[in-house]
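Asks: Attaching a single structure in structure tokens format; questions to follow.
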Amino acid sequence: MLGLAAAGVLVALVAADRADVPAAARALRDAHPVWLSAGAAALLVWWAAWVLLHATSRQAAGISGGAAELARLVPLALGAVAVNSAVKSGGLAGVALFDGDGRARSLSRGRVHAGYLLALAFTEVAFLVTLALGVVLARWNGQLTRGESAAVAVFLVFLVVRGAALVAAVRSREALRRTWSVPARLWDRVRRRPARDHDVAAADEFYAAVALLRSRPAAAVVPLVAAVAVDFAGVAMVWTAIGAVGGGSRPGTALIAYAVSAVFGIVGVLPGGLGFAEVGVVAVLVSAGTPTGVAAAAAVVFRVWEFWVPLLVGAPLAWWSRRAQPVDAS
């Protein structure tokens, strides 16, 4: 499955110029084992950062726990990464795993949701920093085309508006309650149900968690660092992918490629940004002077680490996590 998917992406990326297919195939065949090992290490760091992010975000939301709690979070966090990759949900699909685990352990549903949403908020802040660094570096080096610049600018506006709405909401409990219940109210309209009150306990818990962070800003440091580590481990995966297929050691280009591919993947219509993220990597590498075949090979290696391996590892963990929960908690 992995090989067929990677081959399909490779063919799609170089279909416009078939002469590059043999070059891409050779680059993959001759991939340097040292660089590949470094990429595998970056993937392990990426996974660990995700687990740490969820653990510290849950602590900020009032769910305490030591080493046992951290170990319990490993399949949940890795499973959530896989679920969020397989489903186009803005990162919200993974909360189902945490929700089921919380109900099985009689944890506050609001605190569980608050911890997950805090982790999601930290990832957006961290990516905004990473994207800004990538855009500045790309513009400085002239590696960003006008089309890519326009796409990034639109996405930045979206992030800023979304962040401003969130900040406005968490400053007022009532505003957050209204924002929180918007999806349920819209669903009621679609189903032509009469107006009714909706459960806002989770919104209140999230508001309390954010209020705690405002009173103790230091509690946000570790989860924010973990979120930044997720992105920088992703950059390292691009960097090592480029090196593995003979593209040289180019950390700056890797940062730009990671940022652009993430934006393309987010705005893409397919789950996990399939096709779109790969095109983002290739576009940046080619604009930096990398041969198309080598750029396509680097994109395939990067996506194997960043998408396919996490999906193939996390999907069974997500299934196991759900199976391990009592039937009445599912």
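Asks: Say whether the condition of being touching a helix residue (DSSP H, G or I) at 6+ places or on another chain (Cβ under 9 Å), more than 23 Å from V81 (Cβ to Cβ) and outside any helix (DSSP H, G or I) is met by at least one residue in the range 264-277. Break it down into steps so the answer makes sense when it comes.
Replies: The initial filter retains those residues of the range 264-277 that are touching a helix residue (DSSP H, G or I) at 6+ places or on another chain (Cβ under 9 Å), namely 264-277.
Cutting the leftovers down to more than 23 Å from V81 (Cβ to Cβ) gives us none.
No, the range 264-277 contains no residue that is touching a helix residue (DSSP H, G or I) at 6+ places or on another chain (Cβ under 9 Å), more than 23 Å from V81 (Cβ to Cβ) and outside any helix (DSSP H, G or I).
Asks: Within the range 205-245, can you find the residues that are charged (D, E, K, R), assigned to a helix (DSSP H, G or I) and modelled with pLDDT under 90?
Replies: E205, R214
Asks: Something else now. Does any residue of the range 252-273 turn out to be over 19 Å from the mean Cα position of the chain (by Cα) and either within 26 Å of S89 (Cβ to Cβ) or without any contact (Cβ under 8 Å) to a residue 24 or more places away in the chain (or both)? Write out each step before concluding.
Replies: The initial filter retains those residues of the range 252-273 that are over 19 Å from the mean Cα position of the chain (by Cα), namely 252-253.
Still in the list and also either within 26 Å of S89 (Cβ to Cβ) or without any contact (Cβ under 8 Å) to a residue 24 or more places away in the chain (or both): none.
Taking every residue of the range 252-273 in turn, none turns out to be over 19 Å from the mean Cα position of the chain (by Cα) and either within 26 Å of S89 (Cβ to Cβ) or without any contact (Cβ under 8 Å) to a residue 24 or more places away in the chain (or both).
Asks: From A257, A315, A296, grab the single residue that is in contact with a helix residue (DSSP H, G or I) (Cβ under 9 Å, 6 or more places away or on another chain), more than 18 Å from G234 (Cβ to Cβ), surrounded by 24 or more Cβ atoms within 10 Å (Cβ to Cβ) and not hydroxyl-bearing (S, T, Y).
Replies: Answer to the check: A296.
Asks: I've got another one for you. Taking the range 85-108 as the search range and keeping residues that are out of contact with any Leu (no Cβ under 7 Å at 6 or more places or on another chain) and more than 17 Å from R72 (Cβ to Cβ), which one is surrounded by the fewest Cβ atoms within 10 Å (Cβ to Cβ)?
Replies: G90
Asks: Go through the range 41-79 and count every residue that is touching a residue at least 40 places away in the same chain (Cβ under 8 Å), of a type in the set (A, V, I, L, M) and more than 18 Å from T123 (Cα to Cα).
Replies: Counting residues in the range 41-79 that are touching a residue at least 40 places away in the same chain (Cβ under 8 Å), of a type in the set (A, V, I, L, M) and more than 18 Å from T123 (Cα to Cα) gives 1.
Asks: Cβ-Cβ under 6 Å, sequence separation 6+ or interchain: first residue in the range 175-190 and closer than 12 Å to A203 by Cα and small (G, A, S), partner in a helix (DSSP H, G or I) and modelled with pLDDT under 70. Which pairs?
Replies: A175/A169
Asks: OK, next. Checking A227 against (1) in contact (Cβ under 8 Å) with a residue 60 or more places away in the chain; (2) surrounded by 23 or more Cβ atoms within 10 Å (Cβ to Cβ); (3) under 19 Å from H32 (Cα atoms); (4) not acidic (D, E), which single condition isn't satisfied?
Replies: (3)
Asks: While we're looking at this one, here's another question. Here are some residues: A121, A150. Which one is loosely packed, with under 14 Cβ neighbours inside 10 Å, small (G, A, S), part of a helix (DSSP H, G or I) and at pLDDT below 90?
Replies: Answer to the check: A150.
Asks: Now for a separate question. Exactly one of these conditions fails for G248: (1) assigned to a helix (DSSP H, G or I); (2) farther than 22 Å from D99 by Cα. Give me its number.
Replies: Only one criterion in (1) assigned to a helix (DSSP H, G or I); (2) farther than 22 Å from D99 by Cα is unmet by G248, namely (1).
Asks: Sticking with this one: Taking R111, is it over 14 Å from A318 (Cα atoms), in contact (Cβ under 8 Å) with a residue 40 or more places away in the chain and either touching a strand residue (DSSP E or B) at 6+ places or on another chain (Cβ under 9 Å) or surrounded by fewer than 23 Cβ atoms within 10 Å (Cβ to Cβ) (or both)?
Replies: Considered against the rule, which asks whether it is over 14 Å from A318 (Cα atoms), in contact (Cβ under 8 Å) with a residue 40 or more places away in the chain and either touching a strand residue (DSSP E or B) at 6+ places or on another chain (Cβ under 9 Å) or surrounded by fewer than 23 Cβ atoms within 10 Å (Cβ to Cβ) (or both), R111 comes out as yes.
Asks: Something else: Give the number of residues within the range 1-40 that are at pLDDT 50 or above and not in a helix (DSSP H, G or I).
Replies: 7
Asks: Let me ask you something else. Would you mention how many residues in the range 71-111 are within 20 Å of P310 (Cβ to Cβ), among the charged types (D, E, K, R) and part of a helix (DSSP H, G or I)?
Replies: The number of residues fulfilling the criteria is 2.
Asks: So, one more: Hey, among P316, P310, which residue is assigned to a helix (DSSP H, G or I), without any contact (Cβ under 8 Å) to a residue 40 or more places away in the chain and not hydrophobic (A, V, I, L, M, F, W, C)?
Replies: P316
Asks: While we're here: Identify all residues within the range 234-274 that are of a type in the set (S, T, Y) and farther than 15 Å from A299 by Cβ; write none if there are none. Steps first, please.
Replies: Just the residues of the range 234-274 that are of a type in the set (S, T, Y), to begin with: 240, 249, 253, 258, 261.
Once the filter is applied, which keeps residues that are of a type in the set (S, T, Y) and farther than 15 Å from A299 by Cβ, the range 234-274 yields only S249.
Asks: OK, next. When you scan the range 191-204, do you find a residue that is at pLDDT below 70 and of a type outside the set (F, W, Y), even just one?
Replies: Yes; the residues of the range 191-204 include at least one that is at pLDDT below 70 and of a type outside the set (F, W, Y).
Asks: Could we say that A68 is surrounded by fewer than 20 Cβ atoms within 10 Å (Cβ to Cβ) and either part of a helix (DSSP H, G or I) or among the aromatic types (F, W, Y) (or both) here?
Replies: For A68, the condition - surrounded by fewer than 20 Cβ atoms within 10 Å (Cβ to Cβ) and either part of a helix (DSSP H, G or I) or among the aromatic types (F, W, Y) (or both) - is met.
Asks: Within the range 71-121, can you find the residues that are under 23 Å from V228 (Cβ atoms) and touching a Pro at 6+ places or on another chain (Cβ under 8 Å)?
Replies: L78, V81, A82, S85, L118, A119
The values are calculated or read from the model by the stated rules, or taken from the named source; none is laboratory data. Just so we're clear, the structure is a prediction, and the values are computed from it rather than from any experiment. A quick note on method: Cβ atoms are made from the backbone with ideal geometry, for glycine too, and the neighbour counts reach across all protein chains shown.
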